[in-house]
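Report on the structure given below.
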Amino acid sequence: MTGDVDDPPVPAPEADPLPELVRRLGLFVEQTRSLQFKIAVQVRVLPDAEFKGRYHQHLNIPSGPQAGGKQAAFRALGIIGHDVDLAKELTRLAAGLMPPSFYDPKAEEVLVQEGDIDAYRASMLVRSLAEALDDQWFGIDRPALGSALDPAADAFAGLVEGTARLVSTGYEASLPADVQADIKAERTRRSGLVPKDVPSAITAAYGLPAKVGPAFVAALVKAGGQARLNAAYASPPTTTEHLLLPS
């Protein structure tokens, strides 16, 4: 039986804010790099477990004979003890450093861990979009370089990560001081999730590209602007010495 009072209207579903955020952040990346995306970047939000699985697949951690060779070399040099499993420790360290988003060059998509996008996660999304832009122009998936802790792979990772971090640093600098403080606080909180019992030599070696890459990229930009940086993708650094001594 129908009454005289109309049924209340069904509220429209809220619009997903992520596409608009990606559009705005993408514009910032384009302006900073003086390049434009050739095609729209595919951005997918994944549930926590699936995101972690994809991130683990994305990591280029040495395994099998390759891991055994690097492990033997590290042990012979006294960098790690004879009871340390290099691949296992690298996996633990990488899991502690897991970001809320990353660019997968093999799938050519940005993957985002489910959850609200706060200021920190937005800055990390800028970093992911910067890598996607560079991949469209220069190709950053270079399997011939080898895996983590390979000098050539580390050197190229320093270029890629350094570029992306320089863009995200510029983005953070454009934000109000209180928002920058929130980002810093969240970064500090996340640093506490990194296992403290991983041998310090492994932490230093694995983190070298991200640590010195931004300064290397800044030196390139100072020497010749974005054009000089872009040229480095055609003739990239081949050793970590290049990262440490750009001149």
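The values are calculated or read from the model by the stated rules, or taken from the named source; none is laboratory data. This one's a predicted model, so the numbers in the text were calculated from it and none came from an experiment. As a convention, Cβ positions derive from the backbone with ideal geometry for all residues, glycine included, and neighbour counts pool all protein chains shown. Areas reflect the complete protein model, heavy atoms only, side chains present, ligands, DNA and RNA absent. Shrake-Rupley method; radii C 1.70, N 1.55, O 1.52, S 1.80 Å.
Quick rundown of the values:
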quantity	calculated
Hey, Asp154 among the charged types (D, E, K, R) and either surrounded by fewer than 20 Cβ atoms within 10 Å (Cβ to Cβ) or not in a helix (DSSP H, G or I) (or both) or not	no
Which listed residue, of Thr188, Thr238, Thr169, is within 21 Å of Ile140 (Cβ to Cβ), assigned to a helix (DSSP H, G or I) and open to solvent by 70 Å² or more (accessible area, probe 1.4 Å)	Thr169
One residue from Leu208, Leu243 being open to solvent by 30 Å² or more (accessible area, probe 1.4 Å) and either in contact with a Lys or Arg (Cβ under 8 Å, 6 or more places away or on another chain) or in contact (Cβ under 8 Å) with a residue 40 or more places away in the chain (or both)	Leu208
Qualifying residue in segment 160-175 (condition: among the small types (Gly, Ala, Ser) and in contact with a Pro (Cβ under 6 Å, 6 or more places away or on another chain))	yes
Close pairs (6 angstrom Cβ cut-off, 6 or more residues apart or separate chains): free of Cβ contacts under 8 Å to residues at least 40 places away in the same chain in segment 216-230, open to solvent by 40 Å² or more (accessible area, probe 1.4 Å) anywhere	Ala219/Pro246; Leu220/Arg228
Among the candidates Ala227, Ala144, residue that is out of contact with any Ser or Thr (no Cβ under 7 Å at 6 or more places or on another chain), in a helix (DSSP H, G or I), modelled with pLDDT of 90 or more and more than 18 Å from Ala94 (Cα to Cα)	Ala227
All positions within segment 181-194 that are of a type outside the set (Gly, Ala, Ser) and within 19 Å of the chain's Cα centre (by Cα)	Ile183, Lys184, Glu186, Arg187, Thr188, Arg189, Arg190, Leu193, Val194
Those residues of segment 126-143 which are over 10 Å from Tyr103 (Cβ atoms) and touching a helix residue (DSSP H, G or I) at 6+ places or on another chain (Cβ under 6 Å), in sequence order	Val126, Phe138
Looking only at segment 24-44, and only at residues there that are within 17 Å of the chain's Cα centre (by Cα) and open to solvent by 80 Å² or more (accessible area, probe 1.4 Å), the one that is nearest to Ala152 (Cα to Cα)	Gln42
Which listed residue, of Ala94, Ala119, Ala87, is at pLDDT below 95, farther than 26 Å from Tyr233 by Cα and either out of contact with any Leu (no Cβ under 8 Å at 6 or more places or on another chain) or open to solvent by less than 50 Å² (accessible area, probe 1.4 Å) (or both)	Ala87
Cross-chain or 6+ apart pairs with Cβ under 7 Å, segment 50-63 first and hydrophobic (A, V, I, L, M, F, W, C) and at pLDDT below 90, then assigned to a loop (DSSP other than H, G, I, E, B) and surrounded by 14 or more Cβ atoms within 10 Å (Cβ to Cβ)	Ile61/Ser147; Ile61/Ala148
Subset tally (residues that are basic (Lys, Arg) and free of Cβ contacts under 8 Å to residues at least 12 places away in the same chain) for segment 156-189	2
Residue that is farthest from Glu30 (Cα to Cα) [pool: residues in segment 172-185 that are open to solvent by 50 Å² or more (accessible area, probe 1.4 Å) and in a helix (DSSP H, G or I)]	Ala185
Residue in segment 97-120 that is under 24 Å from Phe28 (Cα atoms) and part of a helix (DSSP H, G or I) present	yes
